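Each remark here refers to the structure printed beneath this line.
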Amino acid sequence: IDQTRGWFYSLHAIATLLFENVSFKNVLCLGHILDGDGLKMSKSKGNIVDPCSVLNANGADAFRWYLYTATPPGNSRRFSVDLVGEVVRNFMLPLWNTYSFFVTYANLANWKPEAELPSSSLSSLDKWILSELHTLVGDVTEAYESYDVTAATRPIEKFVDSLSNWYLRRSRRRFWKSESETDKAAYATLYECLVTVAKLLAPAMPFMADAMYRNLVAAVDTNAPESVHLADWPASQLWRMDEKLMDDMRVVMRSASLGHAARAKANRKVRQPLAEAAFSAPTPAEATAVRAYADLLADELNVKAVTVLDHAEDAVTYTLNPLPKQLGQKHGAKFPKIKAALLSGDQTGLARALLSNQPVTVNVDGEEVTVLPGEVEVRQNARGGYVVAEEGGYLAALKTDLTPELEREGLAREFVRRVQDLRKSAGLDISDRIVVRYTATPKLAEAVATWADYIKDETLCVDLAAGNLADGATVEDAFDGEKVKVMLAKK
């Protein structure tokens with residue numbers, strides 16, 4: 001039954017593509033196909049897009065995927081080479097890079113699919129992404145059975161973004177080490193995600209899905225169907241779903257995003273360690289989630305400590321500035337009293353509601369007056385040493401003052417980046433061991449010496465010292481007021 005259903009979904013997708021531009025009376029009504037600027041295509045305007053040019057530039061899979069995800073069938077949709085190209089850049093390449101990463105490290109570790117690992121071997125990240133995966137399977141299956149093509153495809157994009165930009169990035173070191181059962185569980189988890197995504201993609205992106213499946217499954221299992229289009233449709237396993245875990249991780253991801261926004265505001269690169277990140281969340285349950293995953297946040301944001309604020313005003317105060325143009329035109333002579341009521345109210349409560357894009361009410365002469373977010377400017381005043389980013393009731397505050405120790409660690413991380421870039425440009429394999437020599441300005445040289453063990457571990461360097469190499473790859477660079485020349489050779 002599952003195999004038949006998989007065939008049905010594939011045939012349905014093909015039929016949709018074939019007849020997408022045919023209107024059947026009382027059956028299907030499609031919107032206009034517009035050009036890249038949103039104008040209706042017309043021979044007289046000369047803005048018709050040749051489909052063959054799109055196919056040649058981006059391929060059939062991207063072409064199909066864009067048509068399925070751009071808008072529901074009845075709506076008008078824009079169409080151009082560049083718009084379809086966004087599918088390649090924003091979805092296909094991240095997915096393929098994730099697949100390529102897995103294949104590379106699985107081969108290095110000689111990892112093979114085997115019996116399911118016990119749940120005790122799975123990390124919280126593993127359990128979270130598997131919960132998201134099986135939720136996705138259920139949603140996509142329901143959408144296909146309801147003939148809702150956009151709901152069957154868009155959630156896959158969202159999942160791949162989480163898989164690539166959160167799960168894989170936060171688990172990358174586990175693939176490097178591959179020593180414990182928990183590290184091996186990362187391979188099994190990522191493998192299950194990639195194989196399942198390939199099956200879910202098969203009806204709408206048949207070529208890429210089949211390429212992934214044939215290498216991941218058919219190449220290692222002689223009993224498996226030779227094509228993804230012959231494989232069973234995946235089944236959603238309810239016992240793998242954990243709503244609380246998914247909710248908690250969304251809080252953590254949102255907090256991390258605000259932490260990065262605060263870094264950008266302070267112009268502090270992620271490679272520069274910071275002393276502290278403090279967070280505030282709208283509810284006690286969300287604050288508990290931040291505490292539970294403090295180590296994850298600390299690693300993601302490269303900070304030494306993560307704390308949860310009991311009150312947002314511990315890191316920031318607010319000043320309200322009622323806007324005369326908006327409120328004055330709307331309320332006329334009442335504006336001065338509305339302004340006074342706003343300024344005499346709970347500044348923190350009012351400000352956080354407005355920053356969450358929620359209206360607030362004030363009492364003016366016994367009358368409740370509603371004030372909208374766009375009618376009041378909210379100014380944030382960060383307390384000592386903090387830089388703050390806030391959105392929707394969530395707040396991240398980073399201590400951005402740098403000690404000499406933090407500066408040295410930041411310089412060491414910048415040095416690592418130069419070595420890694422030089423490894424790539426020299427064409428070395430990711431498993432190759434290297435010898436590194438360098439010359440640097442005094443402050444940077446001190447940082448390299450202090451963090452030598454860390455640098456050697458990160459770059460697979462077996463011999464790191466100041467000096468010169470007679471042969472090998474070389475790069476010279478300057479950053480943060482320091483200069484360096486790095487030389488490396490394969491061991």
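The values are calculated or read from the model by the stated rules, or taken from the named source; none is laboratory data. Since we're looking at a predicted model, the values are computed, not measured. Heads up, the Cβs are rebuilt from the backbone with ideal geometry, glycines too, and the neighbour counts pull from every protein chain shown. To get the accessible areas, we keep the full protein, side chains included, count just its heavy atoms, and leave off ligands, DNA and RNA. Shrake-Rupley method; radii C 1.70, N 1.55, O 1.52, S 1.80 Å.
What number goes with the only condition from (1) modelled with pLDDT under 95; (2) within 21 Å of the chain's Cα centre (by Cα); (3) buried (at least 19 other Cβ atoms within 10 Å of the Cβ) that CYS193 does not pass?
Against the list (1) modelled with pLDDT under 95; (2) within 21 Å of the chain's Cα centre (by Cα); (3) buried (at least 19 other Cβ atoms within 10 Å of the Cβ), CYS193 comes up short only on (1).
For the range 417-451, which residues satisfy the criterion of being β-branched (Val, Ile, Thr) and without any contact (Cβ under 8 Å) to a residue 60 or more places away in the chain?
Going through the range 417-451, the residues β-branched (Val, Ile, Thr) turn out to be 419, 430, 434-436, 439, 441, 448, 450.
Hits for the range 417-451 are ILE434, VAL435, VAL436, THR439, THR441, VAL448, THR450.
What's the number of the only condition in (1) more than 17 Å from the chain's Cα centre (by Cα); (2) open to solvent by 40 Å² or more (accessible area, probe 1.4 Å) that ALA106 fails to meet?
Against the list (1) more than 17 Å from the chain's Cα centre (by Cα); (2) open to solvent by 40 Å² or more (accessible area, probe 1.4 Å), ALA106 comes up short only on (2).
Which helices (runs of 4 or more DSSP H) sit wholly inside the range 388-491 and have at least 2 residues that are of a type in the set (S, T, N, Q) and either more than 30 Å from PRO282 (Cα to Cα) or at pLDDT 95 or above (or both)? Full working, then the answer.
Numbers: elements: 404-425, 442-450, 452-459.
The helices (runs of 4 or more DSSP H) meeting that bar are 404-425.
Scanning the range 397-444 for residues that are of a type in the set (Ser, Thr, Tyr) and more than 26 Å from ASP471 (Cα to Cα), which turns out surrounded by the most Cβ atoms within 10 Å (Cβ to Cβ)? If you could, list the steps in order and put the result at the bottom.
Our first condition is that a residue be of a type in the set (Ser, Thr, Tyr); within the range 397-444, this holds for 400, 403, 425, 431, 438-439, 441.
When the remaining residues are screened for being more than 26 Å from ASP471 (Cα to Cα), the result is 400, 403.
On the way: THR400: 19, THR403: 10.
My answer is THR400.
Go through the range 270-287 residue by residue and tally those that are at pLDDT below 95, in a loop (DSSP other than H, G, I, E, B) and more than 19 Å from ARG170 (Cβ to Cβ).
Of the residues in that region, 3 qualify.
Got a number for residues in the range 199-233 being within 21 Å of LYS112 (Cβ to Cβ) and in contact with a Leu (Cβ under 7 Å, 6 or more places away or on another chain)?
Looking only at that region, the number is 2.
Take the conditions part of a helix (DSSP H, G or I), open to solvent by less than 20 Å² (accessible area, probe 1.4 Å) and either in contact with a Pro (Cβ under 9 Å, 6 or more places away or on another chain) or farther than 25 Å from TRP233 by Cα (or both) and apply them to VAL87. Does it pass?
On the way: part of a helix (DSSP H, G or I): yes; open to solvent by less than 20 Å² (accessible area, probe 1.4 Å): yes; either in contact with a Pro (Cβ under 9 Å, 6 or more places away or on another chain) or farther than 25 Å from TRP233 by Cα (or both): no.
When the stated conditions are applied, VAL87 does not pass them.
Among all residue pairs at least 6 apart or on different chains, which show Cβ distances below 6 Å where the first residue, located in the range 315-334, is free of Cβ contacts under 8 Å to residues at least 12 places away in the same chain and the second is of a type in the set (A, V, I, L, M, F, W, C) and open to solvent by less than 80 Å² (accessible area, probe 1.4 Å)?
The qualifying pairs are GLY328/PHE335.
If you go through the range 145-153 one residue at a time, do you hit one that is free of Cβ contacts under 8 Å to residues at least 24 places away in the same chain, of a type outside the set (S, T, N, Q) and in a helix (DSSP H, G or I)?
Yes: the range 145-153 contains one or more residues that are free of Cβ contacts under 8 Å to residues at least 24 places away in the same chain, of a type outside the set (S, T, N, Q) and in a helix (DSSP H, G or I).
So the check is Cβ under 9 Å with 6+ separation or different chains; which pairs have a first residue in the range 208-226 that's at negative phi and open to solvent by 60 Å² or more (accessible area, probe 1.4 Å) and a second one that's assigned to a loop (DSSP other than H, G, I, E, B) and not hydrophobic (A, V, I, L, M, F, W, C)?
ARG214/GLU226; ARG214/SER227; VAL220/LYS112; VAL220/PRO113; ASP221/PRO113
Tally up the residues in the range 450-488 that are more than 16 Å from ARG417 (Cα to Cα) and more than 34 Å from the chain's Cα centre (by Cα), please.
9
Mind counting the residues in the range 270-280 that are open to solvent by 20 Å² or more (accessible area, probe 1.4 Å) and touching a Gly at 6+ places or on another chain (Cβ under 8 Å)? Outline the logic, then answer.
In the first step, residues of the range 270-280 are kept if they are open to solvent by 20 Å² or more (accessible area, probe 1.4 Å); the result is 270-272, 275-276.
From the residues that got through so far, the ones that are touching a Gly at 6+ places or on another chain (Cβ under 8 Å) too are 271-272.
So the count comes out to 2.
Looking at ALA382, is it farther than 21 Å from THR319 by Cβ and out of contact with any His (no Cβ under 6 Å at 6 or more places or on another chain)?
Working: farther than 21 Å from THR319 by Cβ: no; out of contact with any His (no Cβ under 6 Å at 6 or more places or on another chain): yes.
Taking the combined requirement at face value, the residue does not satisfy it.
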